[in-house]
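The values are calculated or read from the model by the stated rules, or taken from the named source; none is laboratory data. Please read all numbers here as calculations on a predicted model, not as lab measurements. No Cβ is skipped: glycine too gets one built from the backbone with ideal geometry, and neighbour counts run over all protein chains shown.
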Amino acid sequence: MSFPHYDEVHIISDLHMGGETGFQILRETKKLAGYIRWVGEQRPDGKVALVLNGDVIDTLAEKNDGYIAVDNAEAIVQRIMADPSFVPIWDALAEFTKIKDRTLVIALGNHDLEMSFPVVQCAVIKRLADTDLEARGRIEFSTMGAGYSCLVGDSRIFCTHGNEVDSWNYTRYEDLAKVGRRLNTGRSLKPGEWEPNAGTKMVKDVMNTVKGRYAWIDLLKPEMQAAVGVLLVLDPSQLSKIKRLIPVIGEKIEGSLEVDQRLSAEGFTSPTGTSPQPASVDSLLGPNLMAGLRSGADGNRHTADSLLRAAEKEYKTGSSVTDPEDKTLGTGQYLWDRFTSWITGVSEIEALRRALQDWLKNDKTFEITDQDDTCKEVLDSIGQDIHFLVTGHTHLERAIDLGGSRFYFNCGTWIRLLRFTETMLKDEKSFQPVYNLLESGRMKDIDEATFDFVLPQQSAVCIKTTKDGKVVGELAHIEGTHPVTRKIIKKFTR
């Protein structure tokens, strides 16, 4: 095969460099810089690659009027690279590119679409290598949805971010290519030409506003259900209208159809089976919380179910639901006001505790051997001759033996994650301290919590040859800065 051949490949993902001070979710910048330098020191006489497997930067955390930066894309990326919080990382990457037989691969995620633009790639190359032609030649971009393939020993490696199979966050790579062509020819996009996916809309229209008050929102897992539900319970005014969620749910449905069409490399496979049904707010909140809402709704003319059905009908048909009391507010506002008023049926603390109990029942979020949707769906789209498949995107590390000398890794993230335990959710009294931290909204308070709430692990995958000709794949936690050490979590030998 003509793919690049290495002695070692190191893969990390979801660094999320972006946002101004107070709006940043990457904290371990010195450790990351130290790790990059450590990778550069491995196999002095061999060939080593460092793959940044998507969401390297986070332009969705930047101040920008649109869903994607076009005319100001280069300026935004230049700001991120010059931000004092992130300078040590870019300096370390620049040093890495100056080492002989090192290769830096930058793959595209769903938070850094601007990395696909030629003008942005030129800016990154200049920052890392300036006029050093050899260093420039050691930088590669994988930004058009094809992933990155290479060889380690006799094993074929395939790295992809993972949003390619995520109907919330799918990327229209053909449209990205068109934007790049526009920029290269001195043109821009017309208003409304770029159609964002549901995940981008959720981040820009809802999450970024909320993040100003609740800085931890990006770190909450499970992601979609917990994030939306916690916001509804903790501070309904942050969302203001249930109507804003319904179109986002609709975008997810459209996204799932597009993902179905992308599962073959040719892109001509038609979706099979029935179209997925739109998710309801009921499914986002869970049965325990809904039970509390319904118990507080006694005596009201409308039930929660009827209001939810009405909201979904409005989305599906595009028409408003008439109601004698809906004279001036509009159906969306009316439904939202009625719905949130029922939260008084239980205390806010108890409502959130019940919701989290629902979401975390039989939850496998942090089980590294769980074949989650990203794992299953990416596996369905690759061939049998891929020996090591590596994704990111979910922020959840995975290490799975697929059988037949094939293995799956998710290299996790370098941002903090929040983890709820059974002890925290036992009853309202035990949940009170957790609620207080969430309600305060300050990451400083959460970082200083005396109980085990933050999961501060920085994950990396390494695939390398051994002296006896075998190939080893490892999932590790990076510890320390000077020197860097690795705690091996899972190891597979092929």
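Some points to look at:
- All positions within segment 368-390 that are crowded, with 24+ Cβ neighbours inside 10 Å and either part of a loop (DSSP other than H, G, I, E, B) or touching a helix residue (DSSP H, G or I) at 6+ places or on another chain (Cβ under 6 Å) (or both): VAL378
- Qualifying residue in segment 417-424 (condition: at pLDDT below 90 and not in a loop (DSSP other than H, G, I, E, B)): yes
- Residue, farthest from the chain's Cα centre (by Cα), within segment 49-79, restricted to residues that are within 23 Å of GLY186 (Cβ to Cβ) and aliphatic (A, V, I, L, M): ALA75
- Here the condition is being among the hydrophobic types (A, V, I, L, M, F, W, C) and within 19 Å of ASN197 (Cβ to Cβ); of LEU151, LEU113, it holds for LEU113 alone.
- Any hit, segment 59-80, residues being without any contact (Cβ under 8 Å) to a residue 12 or more places away in the chain, over 24 Å from CYS462 (Cα atoms) and among the aliphatic types (A, V, I, L, M): yes
- Taking the conditions (1) within 30 Å of ILE446 (Cα to Cα); (2) buried (at least 20 other Cβ atoms within 10 Å of the Cβ); (3) modelled with pLDDT under 95 in turn, ILE36 satisfies each one other than (3).
- From the list ALA49, ALA107, ALA61, ALA73, the one residue that fits, being in the same structural domain as LEU15 (by TED's automatic domain parsing), in contact with a Ser or Thr (Cβ under 6 Å, 6 or more places away or on another chain) and within 21 Å of ARG172 (Cα to Cα), is ALA107.
- Among the candidates LYS221, LYS178, the residue that is surrounded by fewer than 20 Cβ atoms within 10 Å (Cβ to Cβ) and either at pLDDT 60 or above or over 30 Å from ASN362 (Cβ atoms) (or both) is uniquely LYS178.
- Taking the criterion of being part of a loop (DSSP other than H, G, I, E, B) and within 22 Å of ILE415 (Cβ to Cβ), the residues of segment 451-477 that qualify are PHE451, ASP452, PHE453, PRO456, GLN457, GLN458.
- Single residue of ALA107, ALA129, ALA146 found to be small (Gly, Ala, Ser), surrounded by fewer than 22 Cβ atoms within 10 Å (Cβ to Cβ) and touching a residue at least 24 places away in the same chain (Cβ under 8 Å): ALA129
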